[in-house]
Amino acid sequence: MKPLKIIKNNKSEVRLIGGVHKGRKIFFSEIEGLRPTPNRLRETLFNWLQFDIRNANILDLFAGSGALGFEAYSRGAKKVFLVEKNKIAYQNLLENKNNLKSDNIEVIKEDAFVFLKNNIDNFDIIFCDPPFNKGLIDKLIINFTMLKNVIVYFELEYKLSALPKNWDILKQKKVASVFAYLVQID
């Protein structure tokens, strides 16, 4: 994976790669476990979602840098919810939201699993890119078993194995050491 560009004040940046804010930079602090989705994988993901993203309600769990959520907003999502529990990452997300001057992005400082308990069924697309090596994907799958008619993107460090019966893998790709899956839950 290409090293992150370090800029002033110990913050790194990624560029939005498509949509109305193409080329705009979002900034984030170096935080242990925070890995923005690489450009190549983000481009693949949004090619997969090109017909689904416009006017969709998006949930970006474990938002981190916000790269996926801000990219979705740039490409026409109706509403984007960025959920992040880390205080520093949360502050960076608020700053980036304000820089984009958007009322259609909501930044929420909360643990992803606490958020899911009361807010699971209002989304068209859910991005799940949790910290690696913490066993969070299995916990997410259990939390998502009651979902209907939603597309979920998983980014993880290993291949997905068995999934619930009403889940269909639409697309999958491996980039470097990252496995990406787009799953339809019916």
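Summary of values
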| item | result |
| --- | --- |
| Given (1) over 15 Å from residue 49 (Cβ atoms); (2) in contact with a strand residue (DSSP E or B) (Cβ under 8 Å, 6 or more places away or on another chain), index of the condition residue 113 fails | (2) |
| Candidate set: the stretch 126-159, residues that are closer than 27 Å to residue 50 by Cβ and acidic (Asp, Glu); chosen: the one nearest to the chain's Cα centre (by Cα) | 129 |
| Qualifying position, being on the phi < 0 side of the Ramachandran plot and in contact with a His (Cβ under 7 Å, 6 or more places away or on another chain), among 65, 74, 102 | 74 |
| Options 106, 84, 155; residue that is in contact with a helix residue (DSSP H, G or I) (Cβ under 6 Å, 6 or more places away or on another chain) and either more than 26 Å from residue 40 (Cα to Cα) or of a type in the set (Asp, Glu) (or both) | 84 |
| Output for the stretch 128-186, where each listed residue is part of a strand (DSSP E or B), within 24 Å of residue 82 (Cβ to Cβ) and not aliphatic (A, V, I, L, M) | 128, 153, 154, 155, 171, 173, 179, 181, 184 |
| Residues satisfying the stated conditions in the stretch 44-101, i.e. assigned to a loop (DSSP other than H, G, I, E, B) and aliphatic (A, V, I, L, M) | 49, 53, 56, 63, 77 |
| Cross-chain or 6+ apart pairs with Cβ under 9 Å, the stretch 90-116 first and within 14 Å of residue 60 (Cβ to Cβ), then in a strand (DSSP E or B) and small (Gly, Ala, Ser) | 92/29 |
| The stretch 23-43, residues that are within 12 Å of residue 67 (Cα to Cα) and either of a type in the set (Val, Ile, Thr) or part of a loop (DSSP other than H, G, I, E, B) (or both) | 24, 26, 34, 35, 36, 37, 38 |
| Residues of the stretch 102-113 that turn out to be among the hydrophobic types (A, V, I, L, M, F, W, C) and in a strand (DSSP E or B), as a count | 3 |
| Conditions (1) surrounded by 13 or more Cβ atoms within 10 Å (Cβ to Cβ); (2) out of contact with any strand residue (DSSP E or B) (no Cβ under 8 Å at 6 or more places or on another chain); (3) β-branched (Val, Ile, Thr); number of the one not met by residue 107 | (2) |
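The numbers here are math on the coordinates, done by the rules we state, and not lab data. Note that the structure is predicted; figures quoted are calculated from it, not measured. FYI the Cβ positions are ideal-geometry reconstructions off the backbone, even for glycines, and counts take in every protein chain you see.
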